[in-house]
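There's a structure below that I have some questions on.
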Amino acid sequence: MSIRIIPQDQLEKSEKTTAEMIPPLLFPRLKNLYSRRAARLRDLAAKNPLGDYLRFAAMIAEAQEIVLYDHPLHIDLHARLTQSASEGKPPLNIHTLPRDPHWQRLLHSLIAELKPEMSGQALAVLENLEKASATELETLAAALFAGEYAQVSSDKAPFIWAALSLYWAQMAALIPGKARAEMGEQRQFCPVCASMPVASVVHMGSHEGARYLHCNLCESEWHVVRSKCSQCEQSRDLHYWSLDSEQAAVKAESCGDCGTYLKMLYQEKDPAIEPVADDLASLILDARMEQEGFARSSLNPFMFPGE
């Protein structure tokens, strides 16, 4: 099954009802998203060997919260949504959507917010990005979207991605449409922007028990059933790993068919769970999975692959 977003005025009444009862896609709710993430990062940092880096990520999230409200995005996406619906493609596809200079304005605002909080190497990186030309920044963004992480130093990538994510998340929140599930492939990629997930979250509350993959770029979430590998959709060789017990709030789902794994975060075990923060704080589990021979099928915006 795949998920397609179509203009709201093209939905039949019956389709609207189905979409509302069993939503295949949850667009981002940006109010308090970054402040909640920052708070969770700081809370997890207290007893984590990666505490300093978690606090560094929290500072970026806090800056994103400020910049979000200082630089709101105003854009009409109706034409884009109509075109993408006719093509059956994600409306904010990172591989085809032209980047507006707005994302660079967001980056420079993030730099201005963060410079007083940074020192040493981090401050030097910000100053270097501040001096970079628009062309240079576009080249770095293009490399990240193409998965050519070796072309972007790992100390620059989180700042660039933070700005790109702010831009894409704002666009995603403004999409004037609904989503429906239909036959198709590539459920491992976000149906809004075609980026990768950061982790999967098993919800509580109105969508209790349902698993959603959380996009590492536009912050949307899309439904993928729990009985299948999110990467290859096989179900015959799935295993679950944790560092604690069967009741752990953070587990890794491994697939013996494709050799990949994805984190599973259970809100019922810990309602405070936040996808980006809890994934980053559980890197010890990633190390264990790599030792077992599995490759990660997701990407954390604060932890890009090494150069």
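On the given criteria, is Arg55 part of a helix (DSSP H, G or I), in contact with a Pro (Cβ under 8 Å, 6 or more places away or on another chain) and either open to solvent by 80 Å² or more (accessible area, probe 1.4 Å) or not hydrophobic (A, V, I, L, M, F, W, C) (or both)? If you could, list the steps in order and put the result at the bottom.
Values: part of a helix (DSSP H, G or I): yes; in contact with a Pro (Cβ under 8 Å, 6 or more places away or on another chain): no; either open to solvent by 80 Å² or more (accessible area, probe 1.4 Å) or not hydrophobic (A, V, I, L, M, F, W, C) (or both): yes.
For Arg55, the condition - part of a helix (DSSP H, G or I), in contact with a Pro (Cβ under 8 Å, 6 or more places away or on another chain) and either open to solvent by 80 Å² or more (accessible area, probe 1.4 Å) or not hydrophobic (A, V, I, L, M, F, W, C) (or both) - is not met.
For segment 233-265, what are the residues that are among the small types (Gly, Ala, Ser), in contact with a helix residue (DSSP H, G or I) (Cβ under 9 Å, 6 or more places away or on another chain) and within 13 Å of Gly293 (Cβ to Cβ)?
Ala252, Ser254
I'd like the residue in segment 222-249 that is in contact with a Ser or Thr (Cβ under 8 Å, 6 or more places away or on another chain) and of a type in the set (S, T, N, Q) and, out of all such residues, is surrounded by the most Cβ atoms within 10 Å (Cβ to Cβ). Talk me through it step by step, then tell me what you get.
Keep residues of segment 222-249 that are in contact with a Ser or Thr (Cβ under 8 Å, 6 or more places away or on another chain), which gives 224, 227-232, 235, 238-241, 243, 248.
Right, trim to of a type in the set (S, T, N, Q) and you get 227, 230-231, 235.
Numbers: Ser227: 9, Ser230: 24, Gln231: 21, Ser235: 13.
Across segment 222-249, the extreme among qualifying residues is Ser230.
Table: residues versus (1) open to solvent by 20 Å² or more (accessible area, probe 1.4 Å); (2) closer than 23 Å to Asp70 by Cα.
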residue	(1), (2)
Ala112	yes, yes
Pro116	yes, yes
Ser119	yes, no
Ala134	yes, yes
Leu140	yes, no
Asp155	yes, no
Phe159	no, yes
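Additional query: Applying the selection to segment 63-94, what residues are within 21 Å of Ile160 (Cβ to Cβ), touching a residue at least 40 places away in the same chain (Cβ under 8 Å) and in a helix (DSSP H, G or I)?
Correct list: Ala63, Gln64, Ile66, Val67, Leu68.
Among the residues of segment 129-148, how many are within 21 Å of Met196 (Cβ to Cβ) and outside any helix (DSSP H, G or I)?
So the count comes out to 3.
In segment 194-238, how many residues are touching a Cys at 6+ places or on another chain (Cβ under 8 Å) and not hydroxyl-bearing (Ser, Thr, Tyr)?
Taking segment 194-238 first, the residues touching a Cys at 6+ places or on another chain (Cβ under 8 Å) are 195-198, 213, 215, 217-218, 220-222, 229, 231-232, 234-235, 237-238.
Narrowing further to those that are not hydroxyl-bearing (Ser, Thr, Tyr): 196-198, 213, 215, 217-218, 221-222, 229, 231-232, 234, 237-238.
The qualifying residues number 15.
So, one more: Which residues, counting only those in segment 52-77, are charged (D, E, K, R) and over 28 Å from Gly120 (Cα atoms)? Write out each step before concluding.
Of all residues in segment 52-77, those charged (D, E, K, R) come to 52, 55, 62, 65, 70, 76.
Residue satisfying the conditions is Asp76 alone.
Follow-up. Which residue, of Asp100, Asp43, Asp76, is of a type in the set (D, E, K, R) and exposed (fewer than 12 other Cβ atoms within 10 Å of the Cβ)?
Working: Asp100 fails: exposed (fewer than 12 other Cβ atoms within 10 Å of the Cβ); Asp43 fails: exposed (fewer than 12 other Cβ atoms within 10 Å of the Cβ).
Only one candidate passes the filter, namely Asp76.
Now for a separate question. So which residues in segment 250-300 are without any contact (Cβ under 8 Å) to a residue 40 or more places away in the chain, under 27 Å from Tyr34 (Cβ atoms), open to solvent by 20 Å² or more (accessible area, probe 1.4 Å) and in a loop (DSSP other than H, G, I, E, B)?
Within segment 250-300, Lys269, Asp270 qualify.
So in segment 208-243, with the set limited to residues that are outside any loop (DSSP other than H, G, I, E, B), out of contact with any Lys or Arg (no Cβ under 7 Å at 6 or more places or on another chain) and under 17 Å from Asp270 (Cβ atoms), which one is modelled with the lowest pLDDT?
Tyr212
The values are calculated or read from the model by the stated rules, or taken from the named source; none is laboratory data. None of the values given here were measured: they were computed from a predicted structure. Heads up, the Cβs are rebuilt from the backbone with ideal geometry, glycines too, and the neighbour counts pull from every protein chain shown. Heads up: the accessible areas ignore ligands, DNA and RNA and are worked out on the full protein's heavy atoms, side chains in. Shrake-Rupley method; radii C 1.70, N 1.55, O 1.52, S 1.80 Å.
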